[in-house]
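Written out below as structure tokens is the structure these notes cover.
The values are calculated or read from the model by the stated rules, or taken from the named source; none is laboratory data. Note that the structure is predicted; figures quoted are calculated from it, not measured. Here the Cβ positions follow ideal geometry from the backbone for every residue, glycine too, while neighbour counts run over all protein chains shown.
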Amino acid sequence: MSWAIEVQNLNVWYGDKHIIKNVSFRVPKNVIFAIMGPSGCGKSTLLRAMNRLLDLNPHARVEGQVKINGINIYGDNVDVTWVRRQFGMVFQIPNPFPHLSIYENVALGPKLNGLVKDKSQLDELVKQALQKAYLWDEVKNDLRKPASMLSGGQQQRLCIARALALKPRIILMDEPTANLDPVASSKIEELLLELKEDYTIIIVTHNPQQAARVSDYVAFLYMGELIEIGETSTVFTRPSNILTEKYVLGRMG
Amino acid sequence: MRLNKRKIIDRLMLGIISALAIASAIPIFAIAVNVYSEGARYISLNFLIDLPPPPVGGGGGGIGPALVGTLVLVALALAIGGSIGFFTGLYLSEFSHTRLAQYTQMFLQVMVEFPTIIVGLFAYMILVAPLKRFNALAGAIALSIVIIPYIALNVREAYKSIPYTLKEAAFSLGVSAPIAYLRILLSAARRGVLTALLIGLAKAAGETAPLLLTILGTTFTYFGGLDQPINAIPLLIYNFALSPYEKWHQVAWGAAAVLLTIILAIFIVSRLIVKEVKV
């Protein structure tokens, strides 16, 4: 079996603080893989270690390996911008570039990375990305308007379109619905199920119900340690660890 | 009874403090009224273009060479000091954890308070003395040194004010750091950066002390090259105001009105930019 991503003996420190403790797991292609756990367990850090966005934090130190297509992204001679282009990332707070238009938000990545030859190709790519993010019909007449005029849920779908426009293999999502209302959240969850046809999705959530609803595989992270990992149906019905059981039953975090 | 006394004291103190606040703003109005009432009547298109008048006889004359000089010096200072200041500020913001950035920032904060005449003296030592001639480049370098800390510290603030999540969004697009900072995040910080440059612009246009020992101030020639002496409006005001000729005093007043107008215009533009910031 070929894996979308393999994490081996990953450790992360912030200064002296050991945040991620010897975590290993593998994610198959075209699945939704959820990382769940209580607040502060290191989920977001783990996600940022996978596309080396953690490099932005000068106090973070990483040991171990993360492999995509067999290439260790922490190896020597690996270009960090190449690593990040393999991933699309969606964040907890919808964060479109507020000073750019809806169109420019999606077009920026492909343009700066030279993914398109000309304007018509770019237009097409932007349209496709917005369609895939279920946003096209709502914004097709307002492409030149600032992204800040969109609602929170629309902004988050715009961020998904921005990520898709990079043509990534894997989409990383850091609690993408944490700041949205229930209607906007369920729209995003529907979208995820659609997207896994073409992408591998790794989603971080502090909400076990969300993990149960959308994911195929789930990992339970607790205080930086990987407590349990498996098919979602198994982990939720027959958890092998008492901590996992407490968590999925809502008795913790 | 006691309550009443407290109320009276409260009113009294408030009155005193308000009066002091108003008093602190009086000089700016007094200066503006003074400068414009003495100088505004001399300002005309010819005044901005013409050579200064001869001390006695002749027409009204103008401040052409000094205005050209100020434009040349300010443009050079912004090009040199602006770019050094910008990249220094960016470094201070994004590498604030490094010791180099911490020391640099400390030095820049000292430089803000530095007597600018000493900057002029330094430029004299390295650029005027070896060339054995006062020259425009020395003045531009001195002005650059003066404005670098202002620009760097304000650019730092501008980049610091970008939300971290936008920084993550920019880098998640898989672009290199220069592209992230200059093509994506610069426009998110553009108002702060523009304000920083305008502060530098106003400073460069208004400074006199760094020019005293560097450009000399030609009176009757416009621009003869960067290695030649040049004039500037503040220096013209200084030289003409000290002269014994009534006509030159008038030119100095007119020049003061022009300079004040330039500074106020920069101030108003930078205020408008700040106001435009949306939450």
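Of all the residues that make up the range A:85-107, how many are surrounded by fewer than 21 Cβ atoms within 10 Å (Cβ to Cβ) and more than 7 Å from chain B (Cβ to nearest Cβ)? Adding up the residues that qualify gives 7.
Taken residue by residue, the range A:114-127 has at least one member that is closer than 25 Å to residue A:4 by Cβ and within 12 Å of chain B (Cβ to nearest Cβ). Do the conditions hold for residue B:229, that is, is it buried (at least 18 other Cβ atoms within 10 Å of the Cβ) and closer than 18 Å to residue B:50 by Cα? In short, no.
Out of curiosity, is residue B:86 touching a helix residue (DSSP H, G or I) at 6+ places or on another chain (Cβ under 9 Å) and not in a helix (DSSP H, G or I)? In short, no. The helices (runs of 4 or more DSSP H) located wholly in the range A:158-253 that include 1 or more residues which are within 30 Å of residue A:63 (Cβ to Cβ) occupy A:208-214, A:232-237, A:242-248. For the range B:89-101, residues that are assigned to a helix (DSSP H, G or I) and without any contact (Cβ under 8 Å) to a residue 12 or more places away in the chain total 3.
Just one of the listed residues (B:172, B:270) is of a type in the set (Ser, Thr, Tyr) and under 19 Å from residue B:85 (Cβ atoms), and it is B:270. Checked against the criterion of being within 14 Å of chain A (Cβ to nearest Cβ), touching a helix residue (DSSP H, G or I) at 6+ places or on another chain (Cβ under 6 Å), among the aromatic types (Phe, Trp, Tyr) and closer than 25 Å to residue B:102 by Cβ, the candidates B:150, B:159 yield just one match: B:159. Scanning the range A:150-209 for residues that are on the phi > 0 side of the Ramachandran plot and touching a Leu at 6+ places or on another chain (Cβ under 7 Å) yields one hit, A:167. Among the residues of the range A:224-253, those identified as surrounded by 15 or more Cβ atoms within 10 Å (Cβ to Cβ) and within 18 Å of residue A:42 (Cβ to Cβ) are A:224, A:225, A:226, A:227, A:228, A:229, A:243, A:244, A:247, A:253.
Those helices (runs of 4 or more DSSP H) of the range B:133-225 in which 1 or more residues are surrounded by fewer than 17 Cβ atoms within 10 Å (Cβ to Cβ) occupy B:136-160, B:164-172, B:190-206. Within the range B:244-263, is even one residue farther than 23 Å from residue B:76 by Cβ and either charged (D, E, K, R) or outside the structural domain of residue B:189 (by TED's automatic domain parsing) (or both)? So far as the range B:244-263 goes, yes, one or more of its residues are farther than 23 Å from residue B:76 by Cβ and either charged (D, E, K, R) or outside the structural domain of residue B:189 (by TED's automatic domain parsing) (or both).
Checked across the range A:19-37, the condition of being surrounded by 14 or more Cβ atoms within 10 Å (Cβ to Cβ), among the aromatic types (Phe, Trp, Tyr), within 14 Å of chain B (Cβ to nearest Cβ) and in contact with a strand residue (DSSP E or B) (Cβ under 8 Å, 6 or more places away or on another chain) holds for no residue. Every condition in (1) more than 30 Å from residue A:158 (Cβ to Cβ); (2) of a type outside the set (A, V, I, L, M); (3) within 14 Å of chain A (Cβ to nearest Cβ) is met by residue B:172 except one, and the failing one is (1).
Of all residues in the range B:17-41, those satisfying the criterion of being surrounded by 10 or more Cβ atoms within 10 Å (Cβ to Cβ) and either among the hydroxyl-bearing types (Ser, Thr, Tyr) or more than 34 Å from the chain's Cα centre (by Cα) (or both) are B:18, B:36, B:37.
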